[in-house]
Amino acid sequence: MRPLGKTVAVALAVVGVVSLVLGGSALAGELRTGAGAGGGAGPGVPSAAPEVEADQPDPGWRWESYRTVKVQVPDNWEDSSYSHLWTCGNRKGRPSGISKGPLVGRPYRGPVFAMDCGPVSPLAERVPHLWFGESDVKPGITRFDHGWASEVRVVDGVALTVFGNDAALRRRILDSAEPIGGTTDPNGCAIARPAVLADGQRPTGPGLSAIGEVGSIRVCAYSYGTPSEPSTFQAGHVISGDAARQLGDALRAAPPGVGPDMGASNCEQSSQRDDLLVTVRGENGEQEVLVRYATCRSNGTDDGTTLRRLTTDTLVPLSKVLYAAFPVLPILRDLAGR
């Protein structure tokens, strides 16, 4: 999702006290710019999708990518920005919607609630997880009770932490990790933030109304990027089948316009913003769609022909690429109240 810079550590509260903490990420080195996901095809011409890598995951597994690293995880592991290790059991303050199953986590740069549970959560609350980009971790194994352990490996400058009670599974996941190589991840997402995501830019192509029935949708997430924290590739995912058709219909059905706006406290933190580049493949071609949900004045979707407002039906499926079932995005809470 390029040499790795710092990741701001998650600060935990005193035991039993809920507090706000910030997860962060930064990238050292020069930001690569360019057409990205097939940009530059010319006005009125749909952008071509990047070639998807030939390497396929093992049966029952999938590729997960973050920054410049890819790793295989079992298909039933959910993406999340929230760790079950940040809360203690079902005490007051535990957010609803946290997965009870295995997780794949990425640093979330906004505020989250946390409780200090000590070095490891209670046995009944533990679930296996892979966590990308943790700060202040060193390669090696930290062992806990009942066979649980946390194993850390650094690949291409990115720390990967696998927590679980199955040593063979931990090792299999970590052994699969490698630098992505080339310019796209296994889902076809450009590693460098595509130029079309720059503020004020619009995609080219005929628009969503011209591509026919939707067969698949690729979602690529990027941090916004600031002078002090250049953009990084966060995650990639491909939606297919009925889920893709439903999301395509929702994108077309969203009302024209821009919005909803967010309060200044939630929209002015550029270092906490992610933008999505969505490539919708239909029976008659494909169309890139920009999705912005954390700006002060330009939230919505843009297929190059029509600006549309965000809706729950469009944003919820897209946000799950980063955040699974836990609705950490302030705008999702705002949409739910409309």
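Each value in this text was obtained by applying a stated rule to the coordinates, not by laboratory testing. These figures come from a predicted structure and were not determined experimentally. Virtual Cβ from ideal backbone geometry, glycine too; neighbours counted across all protein chains shown.
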* To do: Can you figure out the FRET efficiency of Asp55 with Asp261, using R₀ = 41 Å and their beta-carbon distance, to the nearest 0.05?
  => 0.45
* Structure fact -> At R0 = 41 Å the Cβ-Cβ FRET efficiency linking Asp136 and Ser209, nearest 0.05, sits at 0.25
* Structure fact -> Note to self: C-alpha centroids of region 279-320 and region 197-241 sit apart, in Å, by 8
* List the relative contact order of region 153-235 as a percent without decimals, with contacts defined as Cα pairs under 8 Å and 6+ residues apart. => 20
* Calculate, for Asp166 and Ser240, the FRET efficiency according to 1/(1 + (r/R0)^6) with r their C-beta to C-beta distance and R0 25 Å; round to the nearest 0.05. => 0.25
* Simple Cβ-charge dipole of region 160-207, Lys/Arg +1 and Asp/Glu -1, about Cα centre, in debye nearest 20 -> 40
* Gained length - Thr312 relative to Val120, 0.36 nm times residue gap less alpha-carbon distance -> 65.6 nm
* Asked: How far apart, in nm, are two points set 7 Å out from the Cα along the Cα-to-Cβ line at Thr226 and at Ala198?
  -> 2.1
* How high is the relative contact order of region 249-318, in percent, counting Cα pairs under 8 Å that sit 6 or more residues apart? -> 39
* Asked: With a sphere of radius 11 Å drawn around the Cβ of Gly304, what net charge do the other residues whose Cβ falls strictly inside it have (Lys, Arg +1; Asp, Glu -1)?
  -> -2
* Asked: Can you give the extra length, in nm with one decimal, that the chain gains between Lys100 and Asp156 once fully stretched, where that is 0.36 nm per residue apart less the Cα-Cα distance?
  -> 17.1 nm
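Count the net charge of all other residues whose Cβ sits under 14 Å from the Cβ of Val321, scoring Lys and Arg as +1 and Asp and Glu as -1.
So the environment of Val321 carries a net charge of -2.
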